[in-house]
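All remarks here apply to the structure that follows.
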Amino acid sequence: MTDKKLLCFLMTDKGLSSLKYAIYRGYSENIGCVVSYNDKNMKTDDSQGIFALCEEHGIPHYLWFEVKNYLPDIIVNHKITSAVAISWQYLIDLSINALLQDDLLIFHDSLLPKYRGFAPTVTAMLCGDKITGVSVLKASEHVDAGDIILQEQVEISDADYIKDIIEKQSLIYAESFVKIINRLRKGNLIAYPQDHALATYSVWRSLEDCKIDWSLTAYRIHILVRAVSSPYPGAYTFYENKKIIINRAEMLEKDINFAIRDFGKVWAIQNGIPVVICGSGMLQITDASYENGEKVFFNKLRVRLS
């Protein structure tokens, strides 16, 4: 069937990439309309790119906060048969399923049932995982507990920052979105239940969670820097009573046996790059900026980061 019309709740680069790829593959006729919003917690506003793409291809589009209470009207007026949510953070009333031929589908950033909930990719990195993934599932009343349609793995290397993982996931999202459209058109959307006994959960994160605790190991701090870097606000600390964002950092291969381990103190500055004592190990700050975006130049040795 080619008469499937999707209501697409799209956000972030994953939503934009998925829409681009679907249009590129010739499925614009199956995009009934798009809903998006501006996430103020992100450094980039991908909703503008999503709406610009919709304008270019004549796809109806709406701001979430203007239509969230009128979804039944949107579904009826645009003859919507199916709905998908990609990188979506707001609750969608499942009563809309009564108006659809297919249940609402959700794209989630983990290999469910692992890391149900918020910011699963950040959690996977903070837990030191080497593999994460993407799951497409049916929406349910319980958090990310619906039946699974498909899953794909994503590798996490020790050099990857969150943006690198997002780029890998975006490619899989785009390919998976097209697969879902094809399955919906053919009417063969096969799903299987999760093993709920294996479920783990990822809690929401706030800006305070990005503050560096220098008593932790250099390994743990390095992971935090990578996991909450752009497009997220970034790991931060205070340097001479000013908040700075650590954009990039590297662990030193060798540690020093300090008689008293005063973590947070700058031990050395090598070519403008400070070496900071951690609870275990030492970390080089290779790129840091103030809140206004200006680059931080480290030129004082007797300084403690807090």
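The values are calculated or read from the model by the stated rules, or taken from the named source; none is laboratory data. For clarity, every value in this text was computed on a predicted model and none was experimentally measured. Glycine gets a Cβ as well: all are built from the backbone with ideal geometry, and neighbour counts include every protein chain shown.
Restricting Leu111, Leu100, Leu105 to residues that are among the hydrophobic types (A, V, I, L, M, F, W, C), crowded, with 21+ Cβ neighbours inside 10 Å, touching a strand residue (DSSP E or B) at 6+ places or on another chain (Cβ under 9 Å) and not assigned by TED's automatic domain parsing to the domain that holds Tyr232 narrows the list to Leu105.
If I ask for residues that are more than 15 Å from the chain's Cα centre (by Cα), part of a strand (DSSP E or B) and either of a type in the set (Val, Ile, Thr) or over 18 Å from Ser87 (Cα atoms) (or both), which ones from region 137-154 would you list? Residues satisfying the conditions are Ile148, Ile149. Within region 178-197, the set of residues being part of a helix (DSSP H, G or I) and closer than 24 Å to Glu141 by Cβ comprises Ile180, Arg183, Leu184, His196, Ala197. For Phe118, the criteria (1) closer than 30 Å to His222 by Cβ; (2) surrounded by 19 or more Cβ atoms within 10 Å (Cβ to Cβ); (3) among the hydrophobic types (A, V, I, L, M, F, W, C) hold in every case but one, which is (2).
Which residues, counting only those in region 223-273, are among the basic types (Lys, Arg) and under 21 Å from the mean Cα position of the chain (by Cα)?
Of everything in region 223-273, those that are among the basic types (Lys, Arg) and under 21 Å from the mean Cα position of the chain (by Cα) turn out to be Arg226, Arg248.
Of all residue pairs spaced 6 or more apart or on separate chains, those with beta-carbon atoms under 6 Å, a first member in region 291-304 that is under 11 Å from Lys265 (Cβ atoms) and a second member that is assigned to a loop (DSSP other than H, G, I, E, B) and of a type outside the set (D, E, K, R) are Arg304/Gly264.
Got at least one residue in region 73-85 being at pLDDT 95 or above and closer than 30 Å to Ser157 by Cβ? Yes: region 73-85 contains one or more residues that are at pLDDT 95 or above and closer than 30 Å to Ser157 by Cβ. Residue count for region 122-135 satisfying the condition of being crowded, with 23+ Cβ neighbours inside 10 Å and among the polar types (S, T, N, Q): 2.
Run down Val122, Val76 and say which single residue is part of a helix (DSSP H, G or I) and over 14 Å from the mean Cα position of the chain (by Cα).
Val76
Go through region 248-281 residue by residue and tally those that are closer than 15 Å to Ser306 by Cα and of a type outside the set (Lys, Arg).
Qualifying residue count for the region: 11.
When the residues of region 79-97 are filtered to those that are assigned to a loop (DSSP other than H, G, I, E, B) and at negative phi, the one that is surrounded by the fewest Cβ atoms within 10 Å (Cβ to Cβ) is Leu91.
Applying the set (1) under 20 Å from Ala139 (Cα atoms); (2) surrounded by fewer than 20 Cβ atoms within 10 Å (Cβ to Cβ) to Glu55 leaves exactly one unmet item: (1).
Scanning region 253-290 for residues that are of a type in the set (Gly, Ala, Ser), in contact (Cβ under 8 Å) with a residue 40 or more places away in the chain and more than 18 Å from Asn241 (Cα to Cα) gives Gly279, Ser280, Gly281.
Of the set (1) closer than 16 Å to Tyr115 by Cβ; (2) out of contact with any strand residue (DSSP E or B) (no Cβ under 6 Å at 6 or more places or on another chain); (3) crowded, with 19+ Cβ neighbours inside 10 Å, all apply to Ile181 but (1).
Name the single residue that is farthest from Ser82 (Cα to Cα) among those in region 198-235 being in a loop (DSSP other than H, G, I, E, B) and small (Gly, Ala, Ser). It comes out as Ser215. Residues in region 160-178 that are among the hydrophobic types (A, V, I, L, M, F, W, C) and surrounded by fewer than 20 Cβ atoms within 10 Å (Cβ to Cβ): Leu171, Val178.
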